[in-house]
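Read the structure below first, then the notes.
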Amino acid sequence: MKKIPLLVLLALMLLTGCSREAELTPEATQTPAPPPLSITYCDIASSDLCLEGFGQEGEDKMLILFKADDRSFADIYVRVDQPEGEVAFECQQSKNFPENVYCLGEAFPSESSIKLDIYSKSDASLIAIGVFIVEYSGISAPDVDFGIDTPEATATGSPFVPTSTPKPTYPNYPNYPNYPNSTSTP
Amino acid sequence: MWQVFLDGCSVLSENWSVALGAIGVTCLGCGLSFFLLRGTTREKTIPWQSGFLLIFFFVASVILRLAFVTETLVPPYFDSVEHFRLVNELVTALESSALLETIPTLTPGYYHLGFHFLAALLTLGLHADPINVILVLGQVILAAIPIPIFFLIRSKTQSNTAAYFGAILAGFGWYMPGFAVNWGKYPALAGLLVLELVLSLAYLIPRNKPGRNQTVSIVLLILWIIISTLFHSRTLIVIVISIASWIAAGKMQSLSKHIQYLLLGILLAAILVLGLLIQKEPLLALTLEPYLDDGIWVTLTVLVLSLIALIKFPRGVYFCILFIFWIFAALFISVSDWLPGFGNQTLLDRPFVEMLLYLPLSILGGLGAAGFLQFLNTIKAIPEQIRTSIRALSIILLIGTFSISSMMNYDFYPSDCCNFVRYDDTIAFDWLDRNTPPDARVLIASTQMHVLPSGPSEANVGTDAGIWIPALTDRVTTFAPFGIDFRSPGTLEGLCKEQINYIYVGGTDQKFNAAQLQEKPDWYEGILFLPNAQVYQITGCTKL
């Protein structure tokens, strides 16, 4: 019987920890209220809505990549303030990953500073703002001047031999290097 | 650790229905079997405090394990695409009441659908996303793996402390079997859990009270063996190994001490030789890595405890050593001679043995811990009070220190090795879906698999997120080695001949060389550039 208080304490710790976390989860947050959120890059501070980066479609279109952990921020459109006027970006939620949102519009030169005004599609209210430098970091588009990481394994190329039918076949049980351990490289 | 707990809670609160469903189905089968056996064996009932602690341990493990899901968009590695497809097709079959017609067409020759069937039932019953179901169910199964080990060790030793120690070893002692979720080895993990249940039941049945009807117990055991095979067919081999090892261990124990130790020496020498052979062969060397590299101190602790276990529980130790011997030997026994349809496969494969080694080692650790605690009780020269203090200190050291240090050093998050799909890939998939014709063919990176060191490669597997394109966009894909030379005219000719329209470059190390694609702008036009995913359109076919 002496153990009862200890066991109850353990159970309470578990429940308290989870309930505290539940309070922090998106479901528990209130709908956004004015003033608009100030957003930043997701790798700096992940929040309800954050910027993952920029991409390019062909040579003249730009993608602005958002992550909306709070789904109420996912249905959006973006306006970019420019001295020449505003440029609109249409946004799409990824079909299978609706928290991932990308907006397509006119490309801005690399290193240019842009102010993003993010509006809710449902009521056209301004829900978030942010100022960013356009950086196509890591992107190997032909008109962007930077190199791509080339894996060592690809240094020696081989001619193309098609090796598969349209649907992937279930593999036989394979071995190294197909199943790397945590300390080994794939 | 606190962050892991918070992340786990976050996943739990977002997927509470799937998590509860997964916990329900995991516990139902196991709980029901032990409930039916209740009162039939000579086992002492577990005190409610210990039962409560066990439930606490399981729930805490579930929460910690769920932290894995915070950093995974889809189940990891290439196997998981197939799991997703099978679950989806089973859901469709269940909805249209065409299960019996569908099963033979799912994947000819591949028959362990237990995990997929369970995931499909949960998906259908909870109206959940199959991706979430696979991810959450996998983590719950992983959290449940230490529980039967608790019961096995407790049955053998009657020590709750030793049983907890063994369970902690099984869950967090080494990075296996938990790391196998990074390989998408969900059926194998589910198979391990059911295998442990089979071993627990098989151990309990001969201990039935005299005069009790054994029929229920034996029917239950046979049922679980069938279920185990449906979850992962190789568990049947392990069950045979286990039964043979247990019988042989019994025979060994009945021999004189000298002969016992002689046989033990021979067995250890054979394991050493097999271990050296495994280490010598690059394709197999990874088998022992979790237990020798990061886990060396845990393994050494188990080895020291095994010496104590040998005195108190010789049959259990002989069983574990025979078990290790046979699973090592199974890596070298080819099945091609008597099962021609299975190519170059061996009785057990490297990943499965690597996942499985925790089982005998955890049992050895638990038996050793029980032996050590029993040994403390037998020292009559020490006064009772001091003995109790030493015992309490030992328990704190064994369970407290060991579990805390194990969990602190444990990586609950996905490994970079195998997490194919990242944020950029999800955008690229959606973009492909909206911007390419439905009959578009996409080239994706792959590599060859090897089953045996000397055997030929038997299949190709995807090496980046491109492998998910058919499942998530309905576009047709074709594999090509990730090291393909896109500057070669022969390559372009081959691509055009295969009527491939697009090339997908993912974000893993083993992706296509985008620099080569950019060197040939007349052949390949870049149409989507994200920091870690790119799509190129093949435009050079008209110029051939």
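Nothing in this text is a laboratory measurement; each read-out follows from the coordinates by a stated rule. Quantities reported herein were computed from a predicted structural model and do not represent experimental measurements. Heads up, the Cβs are rebuilt from the backbone with ideal geometry, glycines too, and the neighbour counts pull from every protein chain shown.
Pairs spanning more than 23 Å between alpha-carbon atoms, out of B:Lys257/B:Lys312; B:Lys497/B:Lys520; A:Lys61/A:Lys115; B:Lys156/B:Lys185: B:Lys156/B:Lys185. Rounded to the nearest 20, the Cβ-based charge dipole of chain B about its Cα centre (Lys and Arg +1, Asp and Glu -1) stands at 2980 debye.
Taken one residue at a time, the phi angles of the range B:5-10 give Karplus couplings (6.51, -1.76, 1.60, θ = phi - 60°) of 4, 5, 4, x, 4, 4 Hz. Gly and Pro are set to x. To the nearest ten degrees, helix B:114-126 and the longest principal axis of the Cα atoms of chain B are 80 degrees apart.
Phi-derived couplings, Karplus 6.51 cos²θ - 1.76 cosθ + 1.60 at θ = phi - 60°, listed residue by residue for the range B:277-290: 4, 5, 5, 6, 8, x, 5, 10, 4, 5, 3, 8, 3, x Hz, with x used for Gly and Pro. Value of Rg to Rh for the range B:272-356, rounded to two decimals, is 1.04; Kirkwood radius and Rg both from alpha-carbon coordinates.
Fewest to most neighbouring Cβ within 10 Å: what's the order for B:Thr235, B:Thr388?
Details: B:Thr235 29, B:Thr388 13.
Going from sparsest to densest Cβ surroundings: B:Thr388, B:Thr235.
Once the mean of 1/r is taken over each pair of separate Cα atoms and inverted, chain B shows a Kirkwood hydrodynamic radius of 25.4 Å.
Sum up the charges of everything whose Cβ sits under 10 Å from the Cβ of B:Thr70, counting Lys and Arg as +1 and Asp and Glu as -1, but leave B:Thr70 out. Before the final figure, lay out each step's value.
Values: positive: none; negative: B:Asp7, B:Glu14, B:Glu71.
My count for the surroundings of B:Thr70 gives -3.
Helix B:16-37 axis versus longest C-alpha principal axis of chain B: approximately 40°, rounded to the nearest ten.
Taking a ≥ b ≥ c as the square roots of the eigenvalues of the alpha-carbon gyration tensor, the range B:100-151 is classed oblate because a/c is 1.5 or more while a/b is no larger than b/c.
What does the helix-only formula give at 222 nm for chain B: each DSSP H stretch with n ≥ 4 adding -39500 (n - 2.57), the total divided by the residues, and the result rounded to the nearest 500 deg cm²/dmol? Could you put the intermediate results ahead of the total?
Numbers: 24 runs with 332 residues, N = 544.
Dividing the helical sum by the residues of chain B leaves -19500 deg cm²/dmol.
Cα gyration tensor of the range B:332-464, axes a ≥ b ≥ c as square roots of the eigenvalues: rounded (a/c below 1.5), prolate (a/b > b/c) or oblate? Kindly include the intermediate steps, with their values, before the conclusion.
Numbers: a/c = 6.04, a/b = 1.94, b/c = 3.11.
It is oblate, given that a/c is not under 1.5 and a/b is not larger than b/c.
Quick one: net charge around B:Ala445, please, counting Lys, Arg +1 and Asp, Glu -1 for every other residue with C-beta under 12 Å from its C-beta. If you can, show how the numbers build up before the last one.
Numbers: positive: B:Lys511; negative: B:Asp464, B:Asp509.
Net charge around B:Ala445: -1.
Near B:Ala370: Cβ cut-off under 10 Å, other residues only, Lys/Arg at +1 and Asp/Glu at -1. The net charge is +3. With a simple spin-label model that places each label point 7 Å from the Cα along the Cα-to-Cβ direction, the separation between A:Asp43 and B:Gln214 comes to 6.4 nm. Entry for the range B:168-306 at q = 0.08, 0.15, 0.19, 0.20 Å⁻¹: log10 I(q)/I(0) = -0.30, -1.06, -1.38, -1.39, Debye formula applied to identical alpha-carbon scatterers, no solvent contribution.
For the range B:87-143, what is the relative contact order in percent, using Cα pairs closer than 8 Å and at least 6 residues apart in sequence? Across the range B:87-143, relative contact order equals 36 percent.
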